[in-house]
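Here the structure is laid out as structure tokens; the discussion comes afterwards.
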Amino acid sequence: MSRMPRKNTKPEVLLRRELHRRGMRFRVHLSTLPGKPDLALTRARLAVFIDGCFWHACPEHGTLPRNNREWWRAKLDGNVRRDRDKDSALQDLGWHPLHVWEHTPVTQAADEIQGLWRHYVTHMPPAKPSVD
């Protein structure tokens, strides 16, 4: 499992290219946020995760290996639970988490991200000034 690519996967790179082509700018693997989102659109406070069907238990394509089923079930359930925890932590910080399945067509995912970006940028409350 440690040899599995964690960043710069093909679906992630394709989505980044499409968003960049559309003129959208973002941070990649922003380590200051919980879960290090694959993409962070800071102005809209939108954190995007591109989830693999196997590792994040996709209801449409996720499978459970035949060997050592109970161990794998616990492992994958733990991944889903961790995803929920980091989403909650992001929301507590005022961020909007978005999960995109790896099987989602790139243009469809980019349309959704672009729409959410527009919505959050135009409907976000002004930042609170810090009190010194």
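Just so it is clear, none of the values below were taken in a lab; they were calculated from the coordinates. Because the structure is a prediction, the values reported are computed rather than measured. Methodologically, a virtual Cβ is constructed for each residue, glycine included, from the backbone with ideal geometry; neighbour enumeration extends over all protein chains shown.
Taking every alpha-carbon pair under 8 Å whose residues sit at least 6 apart, the chain reaches a relative contact order of 27 percent.
Fully extending the segment from ASN79 to CYS53 would add 8.2 nm, taking 0.36 nm per residue of separation and subtracting the current Cα-Cα distance. Rounded to the nearest Hz, the phi-derived 3J(HN,Hα) couplings of segment 26-34 under the Karplus curve 6.51 cos²θ - 1.76 cosθ + 1.60 (θ = phi - 60°) are 7, 9, 10, 6, 5, 6, 7, 9, x, where x marks glycine and proline.
A straight chain from ARG27 to TYR120 at 0.36 nm per residue would run longer than the Cα-Cα distance by 31.8 nm.
For TRP101, the residues whose amide H sits under 5 Å from its own are ASP51, ignoring neighbours fewer than 5 places away on the same chain, with H placed 1.01 Å from N. With the convex hull of the Cα atoms taken as the outline of segment 10-121, the averaged projected area works out to 7.2 nm². Dividing the summed helix terms, -39500 (n - 2.57) for each DSSP H run of n ≥ 4, by the number of residues in the chain produces a 222 nm estimate of -14000 deg cm²/dmol to the nearest 500.
Loop-located GluC sites (Glu not before Pro) in segment 9-68 (DSSP state other than H, G, I, E, B) with a sparse environment of at most 11 neighbouring Cβ atoms within 10 Å: GLU60.
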